[in-house]
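Quick notes on the structure that follows.
The values are calculated or read from the model by the stated rules, or taken from the named source; none is laboratory data. These numbers come from a predicted model, not from an experiment. Quick reminder, even Gly has a Cβ in these numbers, built from the backbone with ideal geometry, and neighbours come from all protein chains shown. Remember, those area values only see protein heavy atoms, side chains included, never the ligands or the DNA or RNA. Shrake-Rupley method; radii C 1.70, N 1.55, O 1.52, S 1.80 Å.
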Amino acid sequence: MAQVFPELSRTFSEYLLIPNLTERDCTPDNVDLQTPLCKFKQGSEARVKLNLPFVSAIMQAVSDDKMAIALARLGGLSFIYGSQSIAQQAEMVSRVKRYKAGFVASDVNLRAEDCLEDVLRLKKLSGHSTMPVTDDGTPNGKLMGIVTSRDYRLSRTPLDTKVKDFMTPLAEMIYAEEGISLSEANDIIWDNKLNQLPLVDKEGRLVSLVFRKDYDEHKENPEELLDSRKRLLVGAGINTRDYKERVPALIEAGADALCIDSSDGFSRWQEDTLVWIREHYGDEIIVGAGNVVDAEGFRFLAEAGADFIKVGIGGGSICVTREQKGIGSGQASAIQTVAKARAEYLEETGVYIPICSDGGIVYDYHMALALAMGADFMMLGRYFARFDESPGRRLVLNGSYVKEYWGEGSNRARNWQRYDDGGSGGKMQFEEGVDSYVPYAGKMQDNLDVSVAKIKATMVSCGSKSIAEFQDKARLVAVSPTSIVEGGAHNVIRKEKDSMQ
């Protein structure tokens with residue numbers, strides 16, 4: 001006989017938080033939203049933490065290298081979508097790792113015998129205007145000079161002009177030997193009004209570059225999520241089909257974390273994937289798994305070796321898994337159930353495994369509720385798809401700007417690996433996602449700043465200065481449908497907003 005759970009499956013909109021005493025030092029500027037990304041032993045700390053509890057969904061319409069760069073600079077993390085070729089995904093990861101660094105390996109280089117036409121071609125391909133000139137045109141060749149956009153004028157310099165005839169030669173350059181600190185390198189840049197500083201070894205071979213813009217950008221983004229080499233952190237999605245080929249390529253490209261992308265993570269295929277990764281890479285790479293909605297699913301993936309576990313089935317705005325297959329759970333109930341299982345696992349093993357709330361978040365206050373109920377961070381799709389930084393096209397629909405947004409379970413994504421049950425023969429039998437539009441919302445930072453401000457304000461009202469304290473102190477109450485109506489503006493005639501505001 002089928003087991004029927006007695007509790008109702010609830011969504012975030014069915015709950016409110018009850019305020020706690022707010023102490024004088026509990027103010028938004030004292031709230032710390034740093035949160036663990038991977039499991040750790042009780043009494044210690046996770047080796048990688050997010051500075052903001054946001055990760056972007058493993059979706060074609062959300063997480064490419066552009067989104068990964070923008071979100072990491074603000075303190076979150078992107079998992080670059082895996083429904084593309086291994087080479088393309090690895091290159092996206094590599095571009096993120098190359099984008100921001102204290103010491104940047106030069107990926108665009110010239111030979112002295114190249115000509116201006118080669119410079120312009122490389123500039124178009126890479127977007128870089130600064131190019132070191134080495135004796136053999138490699139990133140570690142002997143440095144001979146440098147070319148910047150100030151070294152030539154397209155209106156006056158013929159395209160066949162040799163690089164050696166217009167480059168800034170080494171004798172006129174300021175450079176430094178490897179071994180100096182990033183702070184010392186930046187001092188040289190500022191003292192000499194440089195845009196970049198090449199570093200060479202004792203034999204004069206190019207080692208790396210330090211750029212002024214990297215220093216400026218870091219100061220503008222103090223929450224940047226960086227690795228030990230001052231590079232942006234980036235994640236990548238994987239599947240349970242080609243992981244033996246995909247995982248090595250992503251790790252080689254520099255991925256800091258991986259996440260198995262599946263609508264249902266309670267499967268032997270995820271166990272096989274986790275076991276293989278642990279056998280070949282140990283704990284070197286962070287690997288998340290999911291999705292699950294109950295204690296049994298959590299325990300299964302925890303014992304299989306997951307570093308974090310995603311919670312949620314069918315709650316995404318473009319996901320129709322529940323109506324297609326009749327599986328899932330209300331997101332609020334799922335988070336609470338898995339958080340309870342996580343606490344029991346911690347008590348038994350002394351190991352804390354972060355959980356990620358994936359789906360079901362419509363309003364900003366849902367984010368605070370997800371954290372209060374036990375989520376360590378949230379994976380968001382629709383939220384990030386609205387911004388300039390997402391891959392979707394911006395269009396005009398019925399007089400309003402929108403952005404394209406489609407699910408990984410849609411025919412458009414053709415991501416059969418995410419939903420494959422091992423017997424479909426490599427094709428999608430039916431859709432579990434839709435193709436849609438979302439209202440365009442502009443720049444990500446402008447919107448994320450508001451969402452973070454709301455989360456912090458909620459935590460202050462609940463007397464909490466950290467996510468862990470928030471979870472410990474949170475008091476929740478289920479609300480009636482009438483109470484939900486009461487919570488919004490009602491029984492008034494609202495004024496139209498001034499178009500100039």
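For Gly102, are the conditions met, namely being of a type in the set (Gly, Ala, Ser) and open to solvent by less than 20 Å² (accessible area, probe 1.4 Å)? Give the derivation first.
Values: of a type in the set (Gly, Ala, Ser): yes; open to solvent by less than 20 Å² (accessible area, probe 1.4 Å): yes.
Considered against the rule, which asks whether it is of a type in the set (Gly, Ala, Ser) and open to solvent by less than 20 Å² (accessible area, probe 1.4 Å), Gly102 comes out as yes.
Scan the stretch 143-197 for residues that are out of contact with any strand residue (DSSP E or B) (no Cβ under 8 Å at 6 or more places or on another chain) and β-branched (Val, Ile, Thr) and report the count.
The qualifying residues number 1.
What's the number of the only condition in (1) in contact with a Phe, Trp or Tyr (Cβ under 7 Å, 6 or more places away or on another chain); (2) buried (at least 21 other Cβ atoms within 10 Å of the Cβ); (3) more than 24 Å from Gly463 (Cβ to Cβ) that Phe40 fails to meet?
Result: Phe40 passes all but (2).
Does the stretch 369-389 contain any residue that is without any contact (Cβ under 8 Å) to a residue 40 or more places away in the chain and touching a Phe, Trp or Tyr at 6+ places or on another chain (Cβ under 6 Å)?
Looking for residues that are without any contact (Cβ under 8 Å) to a residue 40 or more places away in the chain and touching a Phe, Trp or Tyr at 6+ places or on another chain (Cβ under 6 Å), one finds none in the stretch 369-389, hence no.
Spot the failing condition for Val108; the list is (1) touching a His at 6+ places or on another chain (Cβ under 7 Å); (2) within 26 Å of Pro222 (Cβ to Cβ), and only one is missed.
Of (1) touching a His at 6+ places or on another chain (Cβ under 7 Å); (2) within 26 Å of Pro222 (Cβ to Cβ), only one is false for Val108: (2).
Has the stretch 84-91 got any residue that is more than 13 Å from the chain's Cα centre (by Cα), buried (at least 20 other Cβ atoms within 10 Å of the Cβ) and not basic (Lys, Arg)?
Quick first cut of the stretch 84-91, residues more than 13 Å from the chain's Cα centre (by Cα) only: 84-91.
Restricting the remaining residues to those that are buried (at least 20 other Cβ atoms within 10 Å of the Cβ) gives 89-90.
If we keep only those that are not basic (Lys, Arg) too, we end up with 89-90.
There is at least one residue in the stretch 84-91 that is more than 13 Å from the chain's Cα centre (by Cα), buried (at least 20 other Cβ atoms within 10 Å of the Cβ) and not basic (Lys, Arg).
Taking the condition of being at pLDDT below 95 and open to solvent by less than 20 Å² (accessible area, probe 1.4 Å), how many residues in the stretch 359-380 meet it?
Residues meeting the conditions: 1.
Can you tell me how many residues within the stretch 436-493 are aliphatic (A, V, I, L, M), open to solvent by less than 60 Å² (accessible area, probe 1.4 Å) and over 21 Å from the mean Cα position of the chain (by Cα)? Even if it seems obvious, please write down each step before you answer.
As a first pass, look at the stretch 436-493 and keep what is aliphatic (A, V, I, L, M): 438, 441, 444, 448, 450, 452-453, 455, 457, 459-460, 467-468, 474, 476-479, 484-485, 489, 492-493.
From what's left, open to solvent by less than 60 Å² (accessible area, probe 1.4 Å): 438, 441, 444, 448, 452-453, 455, 457, 459-460, 467, 474, 477-479.
Narrowing further to those that are over 21 Å from the mean Cα position of the chain (by Cα): 457, 459-460, 474, 477-479.
Total satisfying the criteria: 7.
Suppose we filter Arg156, Arg98 for residues that are more than 37 Å from the chain's Cα centre (by Cα) and at pLDDT below 90; which single one remains?
Arg156
Could you list all residues from the stretch 383-400 that are open to solvent by less than 60 Å² (accessible area, probe 1.4 Å) and charged (D, E, K, R)?
Of everything in the stretch 383-400, those that are open to solvent by less than 60 Å² (accessible area, probe 1.4 Å) and charged (D, E, K, R) turn out to be Arg386, Asp388, Glu389.
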